[in-house]
Amino acid sequence: MVRGATHDERVALIAAHPDLVGRAARNGTLTPSSREEQAAAGLDRLVPEEIATFNELNAAYRERFGFPFVICVRENRKDAIVRGLRERVRNAREAEIGTAIAEIEKIARLRLFAVVRA
């Protein structure tokens with residue numbers, strides 16, 4: 001379905017994701033899957049300086065692209081995620097839309113496998 005989506009539908013799908021270490025995480029309103037994934041990547045155990053780094057990088061990314069940074073956290077850890085934020089903010093917008101959609105596909109595939117195995 002995602003591959004057949006329009007450009008605007010793809011951007012809306014990306015925009016529906018929460019910021020990593022963002023307000024939803026701080027308020028406890030992440031979905032259980034997102035909460036578990038972020039915890040497994042170590043994002044629930046950040047020191048204040050690391051939280052500030054995430055906030056700064058998330059803001060720069062959102063300012064540049066108009067949507068949140070999306071990465072499959074199950075396949076990454078804290079340092080790789082920060083590195084990804086720093087690197088991907090330099091992408092062209094269309095390239096980043098493609099990268100974000102590919103990450104969403106990974107997230108969906110891994111979540112589906114988890115449900116099927118359960």
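The values are calculated or read from the model by the stated rules, or taken from the named source; none is laboratory data. A quick note: this is a predicted structure, and the numbers were derived from the prediction, not measured. Because the Cβ atoms are built from the backbone with ideal geometry, glycine has one as well, and the counts that use them run over all protein chains shown.
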* Does residue 77 satisfy the condition of being at pLDDT below 95 and touching a Gly at 6+ places or on another chain (Cβ under 9 Å)? -> yes
* Structure fact -> Checked against (1) touching a helix residue (DSSP H, G or I) at 6+ places or on another chain (Cβ under 8 Å); (2) under 17 Å from residue 15 (Cα atoms), residue 59 satisfies every condition except (1)
